[in-house]
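Engineer: After the structure tokens below, expect a handful of questions from me.
The values are calculated or read from the model by the stated rules, or taken from the named source; none is laboratory data. Since we're looking at a predicted model, the values are computed, not measured. Note: ideal-geometry Cβ built from the backbone for every residue, glycine included; neighbour counts use all protein chains shown. Only protein heavy atoms, including side chains, enter the accessible area calculation; ligands, DNA and RNA are left aside. Shrake-Rupley method; radii C 1.70, N 1.55, O 1.52, S 1.80 Å.
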Amino acid sequence: MTTRPDLVLAFGDITEQHADALVNAANSSLLGGGGVDGAIHRKGGPEILAECRALRAGHYGKGLPTGQAVATTAGRLDARWVIHTVGPVWSREEDRSEQLASCYRESLRVADELGARTVAFPAISTGIYGWPMDDGARIAVETVRGTETAVEEVTFVLFDEEAYRAFAKRVRLT
Ligand code: AR6
């Protein structure tokens, strides 16, 4: 059955969350980085990186394209899976909103394939990739609200006050 998931806002570090699946704001190498990606690999342990390397050795030899998503184990995190997705780098010249929306849609599609019922997302692209927070929140909330999925609960895990305020405002407006 597909319904609209309940939206929940949480404040803090996504690696402290419990959910069936935690979404990682990765890069196309899948081999780690800073921000959420760094925290997930640090806390989740080497099993996650080992599965990422296996993905690179197989189907994703050229890396995971922007806007797509793929799952691995969650290692030592309090979750069954990590869903890695690659957000677009913010650009003033080019509208990459559809790629950012695709990250949320594709992550939910992968979650459905896995049978995940609860999913936690960070604010994809709004850190190192430079996406303005208000617009990142708009795309996140509109896309999750507009996607048919069997996921029952989506938690946006917001790392600072600005992010929390932007998502709270958007949840009220949408
Ligand atoms: N938990 C929740 N949110 C966090 C955490 C955390 N532990 N750490 C940062 N944030 P970012 P991006 C917030 O930079 O912009 C990596 O190097 C952060 O404040 O993690 O998609 C990857 O390998 C921001 O609001 O992801 C890529 O190269 C949001 O999460 C690149 O960064 C996303 O910030 C991806 O950049």
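Engineer: For residue 62 and residue 172, what is the calculated FRET efficiency with R₀ set at 41 Å and r taken between the beta-carbons, to the nearest 0.05? Please report the intermediate quantities before stating the final value.
Structural biologist: On the way: r = 41 Å, r/R0 = 1.00.
So the FRET efficiency works out to roughly 0.50.
Engineer: Pop a pseudo-label 7 angstrom from the Cα along the beta-carbon direction at both residue 152 and residue 10 and give the gap in nm to one decimal.
Structural biologist: 1.6
Engineer: Classify the chain from the C-alpha gyration tensor, please: rounded if a/c falls under 1.5, else prolate or oblate depending on whether a/b exceeds b/c.
Structural biologist: On the way: a/c = 1.41, a/b = 1.23, b/c = 1.15.
Taking the square roots of the gyration eigenvalues as a ≥ b ≥ c, the chain is rounded.
Engineer: Size of the dipole of the range 27-66 about the Cα centre, Lys and Arg at +1 and Asp and Glu at -1 on the beta carbon, nothing else charged, in debye to 20? Don't skip to the answer; put the middle values down first.
Structural biologist: Numbers: 5 positive and 3 negative charges, 16 e Å.
Using Cβ point charges on Lys, Arg, Asp and Glu, the range 27-66 gives about 80 debye.
Engineer: Additional query: For the peptides 131-138, 47-54, what is the packing order when you average, over each peptide's residues, the other Cβ atoms within 10 Å and list the highest mean first?
Structural biologist: Going by the mean number of other Cβ atoms within 10 Å, highest first, we get 131-138, 47-54.
Engineer: Sum -39500 (n - 2.57) across every DSSP H segment of at least 4 residues in the chain, then divide by the residue count to get the 222 nm mean residue ellipticity, nearest 500. Before the final figure, lay out each step's value.
Structural biologist: Values: 5 runs with 66 residues, N = 174.
It comes out at -12000 deg cm²/dmol, rounded to the nearest 500.
Engineer: Which one, 136, 158, 147, is farthest towards the positive end of the dipole of the range 69-174 when Lys and Arg carry +1 and Asp and Glu -1 on their Cβ?
Structural biologist: 158
Engineer: At 1.4 Å probe size, put 60, 104 in order of accessible surface, largest to smallest.
Structural biologist: Details: 60 35, 104 0 Å².
From most accessible down to least: 60, 104.
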